[in-house]
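Visitor: The structure under discussion is supplied below as structure tokens; questions concerning it will follow.
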Amino acid sequence: DAGVIQSPRHEVTEMGQEVTLRCKPISGHDYLFWYRQTMMRGLELLIYFNNNVPIDDSGMPEDRFSAKMPNASFSTLKIQPSEPRDSAVYFCASKKTGSFYGYTFGSGTRLTVV
Amino acid sequence: QQQVKQSPQSLIVQKGGISIINCAYENTAFDYFPWYQQFPGKGPALLIAIRPDVSEKKEGRFTISFNKSAKQFSLHIMDSQPGDSATYFCAATDSWGKLQFGAGTQVVVTP
């Protein structure tokens, strides 16, 4: 199993530009989570999906952030327009219902907005 | 508001020593308590986990101690090795599967 795959690994963009982060969960996992990690705020849950349906987006910081999961094997997190304070590492994780072994995280996308 | 409080923020331990990280929670709906290990440039990886009906779980050099009445749990790393140098996160989740992380502890094991 290739694990959770995120792309790109690094993204540098100018303030005001649109940024799209991508995630491919583990096949058979029915939950998908997007987290943001910063030194100041640690690991924050942004949004999660169950069976491709958004369940809780209360962690999405602003309307500039949006996430979609068009099918079981793909999700995107979009920031439009991006701002310097969005600079962080964004992680995607997936989980299978009933699994005691918890979430599997991707390697993350390091976003820098200049 | 952080639902899982973790301490210390960082610790330095000599090779062969014991690393102890403590966590506390308030939400009694939490029913699963994992610990994650994160190396620089990588995502968190599940290290060990426990359910509240068990007071202790051991896997190799890693042990979770769980005190349900005090709503506290801790990770002990025995015989710490330089390869254990990483950031450790405690976490908790309820039946919805929404994982709440502690702030993290950076562990440095000196040779």
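Just so you know, all these numbers are worked out from the coordinates, no wet-lab data involved. Every value quoted in this text rests on a predicted model; they were computed, and no experiment measured them. Don't worry about glycine lacking a Cβ; one is built from the backbone with ideal geometry, like all the others, and counts go over all protein chains shown.
Visitor: Can you give me the number of residues within the range A:18-55 that are loosely packed, with under 15 Cβ neighbours inside 10 Å and part of a loop (DSSP other than H, G, I, E, B)?
Guide: 7
Visitor: Tell me the strands (runs of 3 or more DSSP E) entirely within the range B:11-111 that contain at least 2 residues that are over 23 Å from residue A:44 (Cα atoms).
Guide: Details: elements: B:19-25, B:33-38, B:45-50, B:56-59, B:62-67, B:72-77, B:86-93, B:99-101, B:105-110.
Hits in the range B:11-111: B:19-25, B:56-59, B:62-67, B:72-77, B:105-110.
Visitor: Filter the range A:1-11 for residues that are surrounded by 13 or more Cβ atoms within 10 Å (Cβ to Cβ) and not small (Gly, Ala, Ser); which is farthest from the chain's Cα centre (by Cα)? Step through it out loud before you land on a result.
Guide: So in the range A:1-11, the residues surrounded by 13 or more Cβ atoms within 10 Å (Cβ to Cβ) come out as A:3-8, A:11.
Those left that are additionally not small (Gly, Ala, Ser): A:4-6, A:8, A:11.
Values: A:4: 11, A:5: 11, A:6: 9, A:8: 12, A:11: 14 Å.
Looking at the filtered set, the residue picked out is A:11.
Visitor: When both residues are 6+ apart or on different chains and their Cβ atoms are under 9 Å apart, which pairs have a first residue that lies in the range A:6-34 and is closer than 16 Å to residue A:113 by Cα, and a second that is loosely packed, with under 12 Cβ neighbours inside 10 Å and hydrophobic (A, V, I, L, M, F, W, C)?
Guide: A:12/A:114; A:13/A:114; A:14/A:114; A:15/A:114
Visitor: Of everything in the range A:56-67 that's surrounded by fewer than 16 Cβ atoms within 10 Å (Cβ to Cβ) and under 14 Å from residue A:33 (Cβ atoms), which residue is farthest from the other protein chains (Cβ to nearest Cβ)?
Guide: Across the range A:56-67, the extreme among qualifying residues is A:57.
Visitor: Let me ask something else about it. Kindly indicate which of B:69, B:95 is within 12 Å of another protein chain (Cβ to nearest Cβ) and more than 15 Å from the chain's Cα centre (by Cα).
Guide: B:95
Visitor: Which condition breaks for residue A:102 when tested against (1) part of a strand (DSSP E or B); (2) free of Cβ contacts under 8 Å to residues at least 60 places away in the same chain; (3) within 14 Å of chain B (Cβ to nearest Cβ)?
Guide: Exception for residue A:102: condition (1).
Visitor: Identify, please: which residue in the range A:79-99 is farther than 17 Å from residue B:34 by Cβ and in a strand (DSSP E or B) and is, among those, farthest from the other protein chains (Cβ to nearest Cβ)? Can you show your working first?
Guide: At the first step, the residues of the range A:79-99 found to be farther than 17 Å from residue B:34 by Cβ are A:79-90, A:92.
Remaining after also requiring in a strand (DSSP E or B): A:79, A:88-90, A:92.
Values: A:79: 19, A:88: 13, A:89: 9, A:90: 10, A:92: 9 Å.
Among those residues, the one meeting the criterion is A:79.
Visitor: Specify the residue that is surrounded by the fewest Cβ atoms within 10 Å (Cβ to Cβ); the eligible residues are those in the range B:16-54 that are without any contact (Cβ under 8 Å) to a residue 60 or more places away in the chain, among the charged types (D, E, K, R) and more than 10 Å from chain A (Cβ to nearest Cβ).
Guide: Looking at residues that are without any contact (Cβ under 8 Å) to a residue 60 or more places away in the chain, among the charged types (D, E, K, R) and more than 10 Å from chain A (Cβ to nearest Cβ), I get B:53.
Visitor: Go through (1) within 8 Å of chain B (Cβ to nearest Cβ); (2) in a strand (DSSP E or B); (3) of a type in the set (S, T, N, Q) one by one and return the number of the condition residue A:76 breaks.
Guide: Only one criterion in (1) within 8 Å of chain B (Cβ to nearest Cβ); (2) in a strand (DSSP E or B); (3) of a type in the set (S, T, N, Q) is unmet by residue A:76, namely (1).
Visitor: Please work out which residue is nearest to residue B:12 (Cα to Cα), limiting yourself to the range B:65-75 and to residues that are crowded, with 16+ Cβ neighbours inside 10 Å and touching a residue at least 24 places away in the same chain (Cβ under 8 Å).
Guide: Residues of the range B:65-75 that are crowded, with 16+ Cβ neighbours inside 10 Å, as a first pass: B:65-66, B:71, B:73-75.
Pick out the ones that are also touching a residue at least 24 places away in the same chain (Cβ under 8 Å) and you get B:66, B:71, B:73-75.
Details: B:66: 23, B:71: 26, B:73: 20, B:74: 17, B:75: 15 Å.
Among them, the one singled out is B:75.
Visitor: Restricting to the range A:90-114, and then to whatever is surrounded by fewer than 22 Cβ atoms within 10 Å (Cβ to Cβ) and of a type in the set (A, V, I, L, M), can you tell me which residue is farthest from residue A:33 (Cα to Cα)?
Guide: For the range A:90-114, the residue satisfying everything is A:114.
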